[in-house]
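Student: Dumping the structure here so I can ask a few things about it.
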Amino acid sequence: MFTFVPLLLLPLVFGYDWGGYVYEEDLLYDHFPGDFKWGCATAAYQIEGAWDEDGKGVSIWDNFVRIPGNIIDGTTGDVACDSYHKYKEDVQLMANMGLKSYRFSIAWTRILPNGIGERNQAGIDYYKNLIAELKANNIEPAVTLYHWDLPQALEDMGGWLNDSVADWFEEYARVCFEEFGDEVKLWITLNEPHETTIQGYGTGTMAPGKHGLGTLVYIASTNLIRAHAYAYRAYHADFANQNGQVGITLNVGWAEPMDPTNETHIEAAETNIQFNLGWFAHAIYKNGKYPDVMRQKIDEKSYLQGLPESRLPQFTEEDSLIIEGAHDFLGINFYSSNLVYPEISDIEDISYYADQDLAAPQSEDWYGSGSSWLKVTPFGIRRILNWAAKEYGDVDIYITENGFSDRQGNIDDLQRIYYYKHYLNQMLKAIVLDGVSVKGYYAWSLMDNMEWAMGYTEKFGMHAVNMSSPDRERTPKESSKWYGRLIAENGYVESVSPCF
Ligand code: NOJ
């Protein structure tokens with residue numbers, strides 16, 4: 001049912017002290033907390049290869065890449081970086097940088113080839129061996145259960161649009177807790193559910209390639225949030241003696257008001273963050289419901305569009321209770337920012353973007369990267385950390401991804417060092433000057449890999465991978481050495497200039 005609240009009554013939550021930004025700030029020379037978790041991140045489909053080896057089942061990505069036109073350079077992740085066979089070498093790359101933690105994902109179809117039911121021992125062994133190798137090198141595993149590679153068998157039953165997916169995910173999560181939980185203390189249920197739904201069920205640019213930008217995306221988001229919460233509750237009901245933590249990884253760009261002195265721009269920026277981070281975080285970290293601004297806008301637009309009910313589903317009361325508070329920490333993937341101002345959409349436009357009534361361009365003045373959406377905006381990371389701390393209370397935060405792409409893959413990657421140097425210093429300011437509880441940081445990525453629909457054209461790695469050689473040799477880039485020195489110092493030290 002619709003509930004109409006006049007727009008004038010919308011609570012204007014101006015949580016953050018907006019007021020313009022300085023593009024390149026002076027560095028703060030200080031240290032990170034002593035137990036700070038420094039890491040790199042990867043994902044199964046992007047690095048493992050061995051797509052059909054040792055009993056692995058078929059995922060939606062194994063099929064999506066085979067449809068002509070889906071991947072810009074016509075490549076696949078069939079072999080990728082071949083980490084399935086080269087994981088020991090990869091752990092050595094991490095050890096050389098002095099990493100304390102490694103964030104990787106489990107391929108659901110290696111563990112349960114059909115998504116539910118029978119287990120595949122060879123797949124389980126692969127991850128047990130990887131975890132043992134990490135531990136032998138004093139590197140803690142941080143494990144993502146779902147980084148976009150849904151079993152095709154489950155997609156055939158509706159995938160994230162089928163309400164039962166929350167139970168299927170819980171079953172899979174339980175298997176992982178049981179098999180790996182003695183050694184894994186940091187669990188991430190879902191990686192970037194925003195992209196799972198927007199690109200998978202909205203624009204069709206990612207697997208499973210469905211188109212429902214104003215409709216399916218909200219059905220999928222509801223099931224993604226439910227799935228996360230079911231897995232979280234399962235852990236705390238039956239695996240609490242493992243003493244680990246369970247959270248979710250959400251992506252968000254910082255929304256800077258185009259005119260920081262204009263209240264309507266500030267409100268639009270706030271709306272934009274609620275539609276991105278709040279879409280998934282609000283129910284989990286606040287009150288078991290979607291953000292008020294989403295509820296109001298989508299309910300009202302659905303009514304004006306003549307639809308029989310709102311395009312944004314309601315959680316059942318029972319699910320709301322399960323979802324509210326289902327977290328031990330918040331994972332944030334942060335890369336870039338936008339400039340936001342209000343712009344009323346055409347009511348005929350049934351889309352997640354139109355639902356927001358705003359425009360969110362990026363400045364021509366910001367440094368670019370190898371990815372169209374990724375502009376270099378160091379100030380954004382400090383701002384989003386402060387925004388999240390204010391909005392969700394004193395929650396522990398991990399930056400579970402942050403990184404820079406180029407197209408060259410050059411070894412002397414000074415642009416990447418510039419990016420890390422300034423973003424990480426802004427994160428240091430958030431911790432030391434603003435008191436935000438950031439516990440760890442994972443650079444994306446350990447090595448160049450399969451960048452989804454962009455294939456191998458966009459390179460995010462701190463190591464290059466020779467994709468034209470069967471051996472897929474890795475070569476450290478300058479950024480891996482810079483990162484290693486930062487980790488060794490655990491902060492910014494003036495005497496280490498000019499490196500810092
Ligand atoms: C987010 C995703 O989690 C990861 O898979 C992707 O490669 C990076 N961002 C870069 O786009």
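Student: Look at Ile381 and say whether it is crowded, with 21+ Cβ neighbours inside 10 Å, within 15 Å of the ligand (Cβ to nearest atom), in a helix (DSSP H, G or I) and of a type in the set (A, V, I, L, M, F, W, C). Explain how you work it out, then say what you get.
Tutor: Numbers: crowded, with 21+ Cβ neighbours inside 10 Å: yes; within 15 Å of the ligand (Cβ to nearest atom): yes; in a helix (DSSP H, G or I): yes; of a type in the set (A, V, I, L, M, F, W, C): yes.
Spelling it out, Ile381 is indeed crowded, with 21+ Cβ neighbours inside 10 Å, within 15 Å of the ligand (Cβ to nearest atom), in a helix (DSSP H, G or I) and of a type in the set (A, V, I, L, M, F, W, C).
Student: Exactly one of (1) in a helix (DSSP H, G or I); (2) out of contact with any strand residue (DSSP E or B) (no Cβ under 9 Å at 6 or more places or on another chain) is unmet by Tyr483. Its number?
Tutor: (2)
Student: Given the criteria among the aromatic types (Phe, Trp, Tyr), within 16 Å of the ligand (Cβ to nearest atom) and at pLDDT 95 or above, does Tyr392 qualify?
Tutor: On the way: among the aromatic types (Phe, Trp, Tyr): yes; within 16 Å of the ligand (Cβ to nearest atom): no; at pLDDT 95 or above: yes.
No.
Student: For region 71-102, what are the residues that are in contact with a Ser or Thr (Cβ under 9 Å, 6 or more places away or on another chain), assigned to a loop (DSSP other than H, G, I, E, B) and buried (at least 20 other Cβ atoms within 10 Å of the Cβ)?
Tutor: Selection gives Cys81 alone.
Student: Identify the residue in region 34-70 that is assigned to a loop (DSSP other than H, G, I, E, B) and of a type in the set (Asp, Glu) and, among all such residues, is farthest from Tyr146 (Cα to Cα).
Tutor: Within region 34-70, the match that is farthest from Tyr146 (Cα to Cα) is Asp35.
Student: Still on this structure: List the number of the failed condition for Ser469; all other conditions in (1) closer than 18 Å to Gly77 by Cβ; (2) in contact (Cβ under 8 Å) with a residue 12 or more places away in the chain hold.
Tutor: Result: Ser469 passes all but (2).
Student: Taking the residues in region 37-52 that are crowded, with 24+ Cβ neighbours inside 10 Å and within 27 Å of Ala488 (Cα to Cα) as candidates, determine which candidate is farthest from the ligand (Cβ to nearest atom).
Tutor: Ranking the candidates gives Gly39 first.
Student: A follow-up question, please. Answer with yes or no whether Ser336 is within 16 Å of the ligand (Cβ to nearest atom) and free of Cβ contacts under 8 Å to residues at least 12 places away in the same chain. Write out each step before concluding.
Tutor: Numbers: within 16 Å of the ligand (Cβ to nearest atom): yes; free of Cβ contacts under 8 Å to residues at least 12 places away in the same chain: no.
Against the criterion (within 16 Å of the ligand (Cβ to nearest atom) and free of Cβ contacts under 8 Å to residues at least 12 places away in the same chain), Ser336 does not qualify.
Student: Can you tell which of Glu343, Glu391, Glu364, Glu348 is out of contact with any Pro (no Cβ under 6 Å at 6 or more places or on another chain), crowded, with 18+ Cβ neighbours inside 10 Å and among the acidic types (Asp, Glu)?
Tutor: Details: Glu343 fails: crowded, with 18+ Cβ neighbours inside 10 Å; Glu364 fails: crowded, with 18+ Cβ neighbours inside 10 Å; Glu348 fails: crowded, with 18+ Cβ neighbours inside 10 Å.
Just a single option satisfies the conditions, and that option is Glu391.
Student: Which one is farthest from the ligand (Cβ to nearest atom) among residues in region 176-194 that are charged (D, E, K, R) and outside any loop (DSSP other than H, G, I, E, B)? Outline the logic, then answer.
Tutor: Going through region 176-194, the residues charged (D, E, K, R) turn out to be 178-179, 182-183, 185, 192.
Retained after the next criterion (residues that are outside any loop (DSSP other than H, G, I, E, B)): 178-179.
Values: Glu178: 26, Glu179: 24 Å.
Ranking the candidates gives Glu178 first.
The values are calculated or read from the model by the stated rules, or taken from the named source; none is laboratory data. Just so it is clear, the structure is predicted and the values come from calculations on it, not from any experiment. Note that we place each Cβ from the backbone using ideal geometry, even for glycine, and neighbour counts take in every protein chain shown.
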